[in-house]
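A.B. asks: What follows is a single structure, and I will ask about it in a moment.
The values are calculated or read from the model by the stated rules, or taken from the named source; none is laboratory data. Predicted, not measured: the structure shown is a model, and the values here were computed from it. Cβ sites come from the backbone with ideal geometry, for glycine too, and all protein chains shown count toward neighbours.
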Amino acid sequence: MSRWSENTVEDSPVAVGRPTASTEKILRSASELAGSPKKFATTNVNFWYGTHHALHDITLHVPENCVTALIGPSGCGKSTYLRCLNRMNDMIEQTRVEGQILLDGLDIRGPKVDVVDLRKRVGMVFQKSNPFPKSIFENIAYGPRVAGLKSRDRLEQIVERSLVQAALWDEVKDRLNDSALALSGGQQQRLCIARALATDPDVLLMDEPASALDPTSTLRIEDLIFELKENYTIVIVTHNMQQAARVSDQTAFFYEGHLIEAGVTNEVFTNPSKQETEDYITGRFG
Amino acid sequence: MTNLAAEQELMARYRQRKRLLSKLFGAVCLMAMISCVAILAFLLISVLWRGFDYLGWDLIRNLPSRSAAKAGIWVYLIGSLWLIGLTTLFAVPLGVGAALYLEEYAAESRWKRIVQLNIANLAGVPSIVYGLLGLGIFVYILNLGQSILAGALTLTLVVLPIVILASQEALRAVPGSIRQASYALGATRWQTTWRQVLPAAMPGIMTGVILAVSRALGEAAPLVAMGAVQYVDRAPTSVWDTFSALPLAIFYWAMHSKPEFHDLAAAAIIVLLVVLISLNMVAAFVRYRFGKKVRW
Ligand SMILES: Nc1ncnc2c1ncn2[C@@H]1O[C@H](COP(=O)(O)OP(=O)(O)OP(=O)(O)O)[C@@H](O)[C@H]1O
Ligand SMILES: [Mg+2]
């Protein structure tokens, strides 16, 4: 399993993920965004739940090593779009996708892409935290385990590294064998983030990862996002405008299943090109 | 009297009547409960009373005999243990497998709904019907004779719908978010089912299995219908041996012309009850033990 051996012992735990005051929070500039390779390129994506047309012609590119924020009022299709990217919508019966979704130039629905591999490369943190009814350790070791990793030492390293990255290690390091269901809501959410990081994905999809967190943990998650984007591509759904403005390089505004506007976060927030975007951002609806 | 006062009095009377009704209803429920418990207690006490003299090691150890004083339940007890052992062996993999297919694999379709409806109906079919089916298929067509194998297969038919329905119920109680979390981490359907869904559903499945086994242990009708013999002179040692079972012994002894045998039947009932209650306690324990870990 070459994937697991890439990280040496030294770089895995502790070094990354500790929130520090000196973390530099620099958002990418417009030219950097334009210059980044497209991690995801979605073209004219349409999505139906039965007869309900939930996404209309979404054309959006997700630049590599950047944070893309999806914003918009409840029910506008943000989660649906997110689930298209790792094909989690396949699990829902009677749904239909049209259009093209490329990951590194490869059609994720094409014959060359195996859905299991896709989901290892594109990790997901769900809107509602959903830990397995198992120990904290087993929750995080699950992804590497199903990928075939057996070495206990390696698993322990991965568990520690992921928990440190998700800013949960200090709280749980003495009770890794306790049930994950005994954690608080916010801790469970960070556990789910750690679990998604454990498979070492390229892309991290986060559906409101901070909705159940207190301000301190929220800031930790945001710091985490800043650090992760050096190595990962992140797509985050959020209802919190300040959060989108703080952490994202690119912002996409969805409204009733349409992508109204997408661009450099600074632009979208200070100088939106569409009236709906301005109304939403300034809180006039949604 | 003003209108308001009249209205208030009416309301007060109404409230009083409601309180009275509610008390009355409570009393009726209490009576129902007491009579249930009383009937049960009466049955238990009379069985204990009648069978008490026969209880003892001789009852367990002895072979059947023409005299009630010397007769024991050894061959029947062993026959019953063989039966429930084999029935569990057949019914659990089949039943849990069917439930897994229906819940985790089969897509919603008309075909699935028809199968589902039929399973629910089969659970309600009287067990004697399965006995006749067993007689036709296992005893005659497959030519297994009145062997333990034929008996266990017949009982498998009886309990299979119970195992399937209980397992389905348990699988359905596992939240979809667990499956989604597993798939999102790159697990296959097989891994998701085997490592997450099945362990989470285990307490429920085990409870269903143990209830099904208790049912198999207590059934006499299907065994009578498939022609299980009343008298065997030694305990069975292989699946091809003819057999008899505890409920059959009870059935025949209770109809015996000599009244001593009725007391013997009561003693056998006590043994059967002890085994049944132990099984149910195991079920409760499993529920409690594993249920603690799995709470959503
Ligand atoms: N499993 C489903 N089956 C049918 N319709 C669905 C399903 N999931 C979502 N929808 C519908 O699709 C639309 C988009 O839903 P989606 O969950 O993507 O919204 P969202 O933008 O994530 O909202 P929120 O901010 O509240 O999470 C909604 O109208 C919703 O009712
Ligand atoms: Mg959503």
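A.B. asks: Which is free of Cβ contacts under 8 Å to residues at least 60 places away in the same chain and within 17 Å of B:R50 (Cα to Cα), of B:I269, B:I250? So that I can check it myself, show each step before the final result.
C.D. replies: Working: B:I269 fails: free of Cβ contacts under 8 Å to residues at least 60 places away in the same chain.
That would be B:I250, the only listed residue that is free of Cβ contacts under 8 Å to residues at least 60 places away in the same chain and within 17 Å of B:R50 (Cα to Cα).
A.B. asks: Just to check your reading of the model, which residue among A:G123, A:G99 is touching a strand residue (DSSP E or B) at 6+ places or on another chain (Cβ under 7 Å) and within 21 Å of A:T51 (Cβ to Cβ)? Show your work before the answer.
C.D. replies: Numbers: A:G123 fails: within 21 Å of A:T51 (Cβ to Cβ).
So the residue among A:G123, A:G99 that is touching a strand residue (DSSP E or B) at 6+ places or on another chain (Cβ under 7 Å) and within 21 Å of A:T51 (Cβ to Cβ) is A:G99.
A.B. asks: Could you give every pair whose Cβ atoms fall below 6 Å, whose first residue belongs to segment A:116-143 and is closer than 16 Å to A:P201 by Cα, and whose second residue is assigned to a strand (DSSP E or B) and modelled with pLDDT of 90 or more, counting only separations of at least 6 or pairs across chains?
C.D. replies: From segment A:116-143, the pairs are A:V122/A:V203; A:G123/A:L204; A:M124/A:L205; A:V125/A:M206; A:F126/A:D207.
A.B. asks: Kindly provide the set of residues from segment A:107-136 that are surrounded by fewer than 19 Cβ atoms within 10 Å (Cβ to Cβ), away from chain B (no Cβ under 11 Å) and modelled with pLDDT of 90 or more, ordered by number.
C.D. replies: The one that is surrounded by fewer than 19 Cβ atoms within 10 Å (Cβ to Cβ), away from chain B (no Cβ under 11 Å) and modelled with pLDDT of 90 or more: A:D107.
A.B. asks: I've got another one for you. Here are some residues: A:L213, A:L228, A:L197, A:L219. Which one is touching a helix residue (DSSP H, G or I) at 6+ places or on another chain (Cβ under 7 Å), aliphatic (A, V, I, L, M) and over 18 Å from A:L82 (Cα atoms)? Can you show your working first?
C.D. replies: On the way: A:L228 fails: touching a helix residue (DSSP H, G or I) at 6+ places or on another chain (Cβ under 7 Å); A:L197 fails: over 18 Å from A:L82 (Cα atoms); A:L219 fails: touching a helix residue (DSSP H, G or I) at 6+ places or on another chain (Cβ under 7 Å).
Result of the check over A:L213, A:L228, A:L197, A:L219: A:L213.
A.B. asks: Which one is farthest from B:L83 (Cα to Cα), of the residues in segment B:198-226 that are within 14 Å of chain A (Cβ to nearest Cβ) and crowded, with 22+ Cβ neighbours inside 10 Å? Before the answer, list the steps.
C.D. replies: Initially, segment B:198-226 is screened for residues within 14 Å of chain A (Cβ to nearest Cβ), giving B:198-204.
In the following step, the residues that additionally are crowded, with 22+ Cβ neighbours inside 10 Å were identified as B:200-201, B:204.
On the way: B:A200: 29, B:A201: 26, B:G204: 23 Å.
Per the criteria, the residue is B:A200.
A.B. asks: Here's a follow-up. In segment B:159-192, what residues are part of a helix (DSSP H, G or I), in contact with a helix residue (DSSP H, G or I) (Cβ under 8 Å, 6 or more places away or on another chain) and among the polar types (S, T, N, Q)? Steps first, answer last, please.
C.D. replies: The initial filter retains those residues of segment B:159-192 that are part of a helix (DSSP H, G or I), namely B:159-172, B:176-184, B:189-192.
Filter once more, keeping what is in contact with a helix residue (DSSP H, G or I) (Cβ under 8 Å, 6 or more places away or on another chain): B:159-172, B:178-184, B:189, B:191-192.
Answer for segment B:159-192, where residues must be part of a helix (DSSP H, G or I), in contact with a helix residue (DSSP H, G or I) (Cβ under 8 Å, 6 or more places away or on another chain) and among the polar types (S, T, N, Q): B:S167, B:Q168, B:Q180, B:S182, B:Q191, B:T192.
A.B. asks: Of everything in segment B:136-194 that's within 14 Å of chain A (Cβ to nearest Cβ) and aromatic (F, W, Y), which residue is surrounded by the most Cβ atoms within 10 Å (Cβ to Cβ)? Break it down stepwise before answering.
C.D. replies: So in segment B:136-194, the residues within 14 Å of chain A (Cβ to nearest Cβ) come out as B:170, B:173-194.
This time we only want the ones that are aromatic (F, W, Y), so: B:183, B:190, B:194.
On the way: B:Y183: 23, B:W190: 10, B:W194: 13.
Per the criteria, the residue is B:Y183.
A.B. asks: Further, regarding this structure: Considering only segment A:54-102, state which residues are of a type in the set (A, V, I, L, M, F, W, C), more than 8 Å from ligand 1 (Cβ to nearest atom), touching a residue at least 40 places away in the same chain (Cβ under 8 Å) and within 14 Å of chain B (Cβ to nearest Cβ).
C.D. replies: Selection gives A:C84, A:L85.
A.B. asks: State yes or no: is A:D170 within 14 Å of chain B (Cβ to nearest Cβ) and either of a type in the set (D, E, K, R) or within 16 Å of ligand 1 (Cβ to nearest atom) (or both)? Steps first, answer last, please.
C.D. replies: Values: within 14 Å of chain B (Cβ to nearest Cβ): no; either of a type in the set (D, E, K, R) or within 16 Å of ligand 1 (Cβ to nearest atom) (or both): yes.
In short, no.
A.B. asks: Do any strands (runs of 3 or more DSSP E) entirely within segment A:176-270 hold 2 or more residues that are within 14 Å of chain B (Cβ to nearest Cβ) and surrounded by fewer than 23 Cβ atoms within 10 Å (Cβ to Cβ), and if so, which?
C.D. replies: On the way: elements: A:203-207, A:233-237, A:250-255, A:258-264.
Those strands (runs of 3 or more DSSP E) span A:203-207.
A.B. asks: Another question, if that's okay. Would you check if B:L43 is of a type outside the set (S, T, N, Q), closer than 18 Å to B:H262 by Cα and not in a helix (DSSP H, G or I)? Steps first, please.
C.D. replies: Values: of a type outside the set (S, T, N, Q): yes; closer than 18 Å to B:H262 by Cα: yes; not in a helix (DSSP H, G or I): no.
For B:L43, the condition - of a type outside the set (S, T, N, Q), closer than 18 Å to B:H262 by Cα and not in a helix (DSSP H, G or I) - is not met.
A.B. asks: Answer yes if at least one residue in segment B:248-261 is in contact with a Phe, Trp or Tyr (Cβ under 8 Å, 6 or more places away or on another chain), acidic (D, E) and part of a helix (DSSP H, G or I), and no otherwise.
C.D. replies: No: zero hits.
A.B. asks: Let me ask another. Output the residues belonging to segment B:46-82 that are under 25 Å from B:A152 (Cα atoms), in a helix (DSSP H, G or I) and β-branched (V, I, T).
C.D. replies: Within segment B:46-82, B:I60, B:V75, B:I78 meet the criteria.
Condition check ((1) within 15 Å of ligand 2 (Cβ to nearest atom); (2) in a loop (DSSP other than H, G, I, E, B); (3) within 15 Å of the chain's Cα centre (by Cα)) across all residues:
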position	(1), (2), (3)
A:T42	no, no, no
A:W48	no, no, no
A:A54	yes, no, no
A:T59	no, no, no
A:N65	no, yes, yes
A:P73	yes, yes, no
A:L82	yes, no, yes
A:N89	yes, no, no
A:Q100	no, no, no
